[in-house]
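Data block below; observations after.
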Amino acid sequence: MPHVKCLRCRECGSEYPIEPLNACEFCFGPLEVEYDYESISKAVSRESIAAGPNTMWRYHDFLPVDRELAIDISTGFTPLIHAKNLGSQLGLDKLYIKNDSVNPTYSFKDRPVSVTTTKALEFEFEVLACVSTGNLMGSVAAHGAKAGMKTMVFYPADLEQGKIQGAAVYGPTMVAVTGNYDHANRFCSELADNHRWAFVNINMRPFYAEGSKTLGYEVAEQLGWKAPDHCVVPGASGELHTKIWKGLQEFNDIGLIENLKTKMHLAQPEGCSPIVGAFETGSDHVTPVRPETLAKSLAIGNPAAGPYSLEVLKETDGTGVYAEENTIIDGIKLLAETEGIFTETAGGVVISSLKKLVEQGKIKRDEVTVAYVTGNGLKTMEAMGDFVEPIQTTPDYETFQTALAAAQKS
Amino acid sequence: MSTKRVRFTFPSELIKEPVIYKLGIDFEIVTNIRRADVRDSMGWVVLELEGDDEIIKDGLDWVASTGVRVDPVGGDIIEG
Ligand SMILES: Cc1ncc(COP(=O)(O)O)c(C=O)c1O
Ligand SMILES: [Zn+2]
């Protein structure tokens, strides 16, 4: 990690060495990795990046770990698709879907977890742990397996089966915590104090968060080294939203792209939209809520990066928008039926929020718009409910023809 | 004895209540405020508590019972 300087408190600016720490000793503010951008700008060019591997590790100069040590299960450099069908339905000529649901464990979480696992090995941790609403734990279990580490994953007991089995298969110790999200959350902050484990989203958080910047870099590179006019990003803790913006800013500061004017929109589900709520009332306080949403992966009531995500909305003239609960499945189906991409509930939130942004006139027909699809539909099958109504037939021609005709009439 | 880092979020109707003072007096917990932002509509305070484990637990249960939200510092850590 030749270009890393230190960890710095986002609130009071205190400086810390590169260690597994997540909060400032003085003000308890969050810590962030600080880089030597002059040295990065000497080391990278469009050509050097393009010559790198077809994974997120082509951007290793912007990450707080050594490329040679990377625990890489081939995460990143996922497709950016010109969504002509969906675009024409919504009235957008230049709509792109960043399909991050095709990562190794089927969500964008592989990006931050790949960085964190690498860093955890460097710090000589033996146990990789997390507390998760589903996607994160699958990724932690897979990366831990690849790194030869023990893994412990904690999750609220009422999670979707697809997420539980999708994590269990990699062989972690699974811990189902009874109670609501708050309980699991508090319990794990205490555990992190008492065990020498690399908790990816607690004591490893500063390193973890950096991995998501690659979703900004990739989109800019895939658009021909240009930032889009609009990004629509799903939000839970707000971290992803702020880190995509940080990625775009870094590319702009170093001169890999120019003229950064992207509006960073944030999409949350109606039943858990504390950041959007603050945006709408014009407050810079995020009032915590009790999550009650179909989009379990976005069910964070007290978002850690909420205030920073609000700052990004202000700074970029973005809009915070919520998807009504009963439109989440519509969003999933719309994307599937127009573009052949099956996303999970978080993606449904993004698509139906995108629709609202167009209706509100926030996004214009000829503007380059990127909608981030960050998780895979196969993991949240339960959310779809009973929506399949097949034509019932015996295996004979007459019955089938009659049944088909009846089905086509209705 | 142990220490605990917490964040209290006050709804507007409780902002004028001396919750932190009472936590110190009634529970014998040492309170050390590190960061705060209080407006007329709501407020939050990030602080460190020092005291007996059981007493801190009782104290925080009492704070929560007043209607003030108690969270670990740094917000929820659960993510997708
Ligand atoms: C599929 C998916 N999309 C988006 C998010 C939101 O990320 P963040 O917590 O960084 O806002 C999550 C998880 O939290 C997720 O699982
Ligand atoms: Zn600080």
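Brief remarks follow.
- With respect to the conditions (1) buried (at least 22 other Cβ atoms within 10 Å of the Cβ); (2) over 30 Å from A:Tyr170 (Cα atoms); (3) within 14 Å of chain B (Cβ to nearest Cβ), A:Phe26 falls short on a single one, namely (1).
- Residue check for A:His230: modelled with pLDDT under 95 and farther than 24 Å from A:Leu136 by Cβ: no
- Flag if A:Glu258 is surrounded by fewer than 20 Cβ atoms within 10 Å (Cβ to Cβ) and within 16 Å of ligand 1 (Cβ to nearest atom): no
- Filtered residues of region A:203-218 (kept if among the aliphatic types (A, V, I, L, M) and surrounded by fewer than 24 Cβ atoms within 10 Å (Cβ to Cβ)): none
- Taken over region A:163-191, the residue count meeting the criterion of being touching a helix residue (DSSP H, G or I) at 6+ places or on another chain (Cβ under 7 Å) and either within 13 Å of chain B (Cβ to nearest Cβ) or assigned to a loop (DSSP other than H, G, I, E, B) (or both) is 7.
- Pair list, Cβ < 8 Å and 6+ apart or interchain, from region A:13-33 residues that are in contact (Cβ under 8 Å) with a residue 40 or more places away in the chain to residues that are among the aliphatic types (A, V, I, L, M) and near ligand 2 (Cβ under 9 Å from one of its atoms): A:Leu21/A:Leu31; A:Asn22/A:Leu31; A:Pro30/A:Ala23; A:Leu31/A:Ala23
- Residue within region A:127-138 that is more than 12 Å from chain B (Cβ to nearest Cβ), at pLDDT 95 or above and either within 19 Å of A:Gly235 (Cα to Cα) or not in a helix (DSSP H, G or I) (or both) present: yes
- Filter result for A:Lys109 (surrounded by fewer than 24 Cβ atoms within 10 Å (Cβ to Cβ), in contact with a strand residue (DSSP E or B) (Cβ under 9 Å, 6 or more places away or on another chain) and of a type in the set (D, E, K, R)): no
- Scanning region A:344-382 for residues that are touching a Leu at 6+ places or on another chain (Cβ under 6 Å) and either free of Cβ contacts under 8 Å to residues at least 60 places away in the same chain or within 16 Å of ligand 1 (Cβ to nearest atom) (or both) yields A:Thr345, A:Ala346, A:Ile351, A:Ala371.
Conditions tested, residue by residue: (1) acidic (Asp, Glu); (2) within 14 Å of chain B (Cβ to nearest Cβ); (3) over 19 Å from A:Asp93 (Cβ atoms).
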site	(1), (2), (3)
A:Pro307	no, yes, yes
A:Gly318	no, no, yes
A:Gly347	no, yes, yes
A:Ser353	no, no, yes
A:Gln360	no, no, no
A:Val373	no, yes, yes
A:Asn376	no, yes, yes
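The values are calculated or read from the model by the stated rules, or taken from the named source; none is laboratory data. These numbers come from a predicted model, not from an experiment. Cβ coordinates were reconstructed from backbone atoms using ideal geometry, including for glycine residues, and neighbour counts include every protein chain displayed.
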